[in-house]
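Everything on this sheet refers to the single structure shown next.
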Amino acid sequence: MERIALLPFSLFSLFTEAVILWQYTSSLFIPSYSGKIRLAFISISYTILFLLSLPGQAWINVIGFFAFNMIILYTMFQLKMLPAFFHSAVLTAIREISEFTVFRIISGFFPHFPLETGNGLVFYAAFSKIVYFALIYSFIYFLKTKKAQQRQYLHPELLLMPIPVSSVSIMFTFLAIGEASSFAPPVDFMLTICSVFPIMTNLFVFAINQYNQRKSREFTELQLSLQKESDSAEYYELLLSQNENQSILIHDIKKHLQSIKLLNEKGDQDQINAYIRQLLESSDLKEASKICDNEMLNAILCRYQRRCDHKHIIFHADIRSGTVRTIYQHDLTSLFCNLLDNAIDAAENIPDSFIELTVRKKENSPFIVIVIINSCQNAPIYDKDGLPLSHKSDNARHGFGIKSIKKVVKQYHGNLQMYYDNASGTFHTIIALRQ
């Protein structure tokens, strides 16, 4: 019967600890899997922890809590074994400190509080988890202050700190009431339920704050990405104008050099003729490469061809005539620049790496098909939509290239597919856009 009475206590404690773990990991670490997979894994792990707590052996509970948290951190997040061990030890230590502190406070200052009853245990669980949450949140704040790029988001979190402090004051008030008075069972049960509300309110408020901060960061980064795309479009438009002026200048220079060549030929000045011929054949006087018939896309591809040449990446493009004429210039910039940026990042520093880009019209349909195949050393990690996650360390400031590509695809009622071919070590992107 005593073990059965402890079941609500254990369930409440583990549920609260699971929610705190979720907020702790979401605030500090880069996930390796989608939110649904992480939620399922944490739920299964803490269900096993609940089963391990049924015998009532404290040492099994502590070891299990430490071990399962380390497994969660190591498998679900981009953490190596030693950092996972450290953070699991921190979580375990703070939990034990909070429970011991609350137990000593109640037993030392409120000796007549009915701690051995079911309602008393629930109150003890709520109080200890409030302290646990406050300490964990303070630790998160301390770690975040070490990251300069996140300082702009710290002040709202600091303003929320009075909430757990107020909750601790409320719990002390309930303790004083329970120590000084005895209530009938309905009132006693109601006070117990009210003692649970502060910890639930803390978790709920901080979860909303975390969600709002994440959305605010995403919105800010998206605005910066859109501004970058707008600037890129203006850059390519300016580049087109410069190319036209360059073509006129080159054309005039050629005419002048041809006239000088004819004058020198009459005097049989072979050395001058050879020099002028070298100038005429010089690459500095050649017109820009012609990769496709769309001026904007041609300027974009020429720029990325030079980048590939500089990085020793073989670049090949096959753009069929008239295929991109229905795509707005700023969308061409967003789509192809982000595609080629990602391809170059993946193919860089790989021997004999290459990028192949083809754009063609699908027969008997209103769609154009864009296919880009590039060398890629390792298979990427995918999100819930089957799209690769950013491999960069600060993922809060990366990953908007894929979002920009998705935005363009959605705007043209298209379809996006990305996959990695292990046999050939290549990454494939296939996009269909409605004309």
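The values are calculated or read from the model by the stated rules, or taken from the named source; none is laboratory data. Remember, it's a predicted structure, so these values are computed and weren't measured experimentally. Quick reminder, even Gly has a Cβ in these numbers, built from the backbone with ideal geometry, and neighbours come from all protein chains shown. Ligands, DNA and RNA are excluded from the accessible area calculation, which covers all protein heavy atoms including side chains. Shrake-Rupley method; radii C 1.70, N 1.55, O 1.52, S 1.80 Å.
State whether the stretch 54-143 is rounded, prolate or oblate according to the following rule on the C-alpha gyration tensor (a ≥ b ≥ c being the square roots of its eigenvalues): a/c under 1.5 gives rounded; otherwise a/b larger than b/c gives prolate, and the remaining case gives oblate. Prolate is the answer for the stretch 54-143, as a/c is 1.5 or above and a/b outweighs b/c. Computed from the alpha carbon atoms alone, the convex hull of the stretch 302-395 holds 141 Å³ per residue.
Mind ranking Asp383, Asp352 by accessible surface for me, highest first, 1.4 Å probe?
Numbers: Asp383 50, Asp352 140 Å².
In descending accessible area the options line up as Asp352, Asp383.
Length available on full extension from Gln435 to Glu348: 0.36 nm per residue minus the Cα-Cα distance, which gives 28.0 nm. Thr429 contributes an accessible area of around 10 Å² to the protein surface, as traced by a 1.4 Å probe with all chains present. Work out the FRET efficiency for Thr201 and Phe85 from their Cβ-Cβ distance, taking R0 = 45 Å, and round it to the nearest 0.05. The formula returns an efficiency of 0.85 here.
The ellipsoid equivalent to the alpha-carbon distribution of the stretch 8-55 has semi-axes of 22, 12, 7 angstrom, derived from the gyration tensor eigenvalues as √(5λ) and listed largest first. Sorted on the mean count of surrounding Cβ atoms within 10 Å across their residues, most packed first, peptides 91-103, 361-373 read 91-103, 361-373.
In this label model, Thr75 and Asp318 are separated by 4.5 nm, measuring between points 7 Å along each Cα→Cβ vector.
Computed extension gain for Leu51 through Glu295, at 0.36 nm per residue and net of the alpha carbon distance, reaches 81.2 nm. May I ask you to derive the FRET efficiency for Phe41 and Arg303 from their Cβ-Cβ distance with R0 = 51 Å, giving the value to the nearest 0.05? Using R0 = 51 Å, I get an efficiency of 0.70. Between Thr358 and Ser34, the contour length at 0.36 nm per residue exceeds the alpha carbon distance by 113.5 nm. Distant-in-sequence amide contacts of Ser353, defined by a placed amide H-H separation under 5 Å and a gap of 5 or more residues or a different chain, comprise Ile314.
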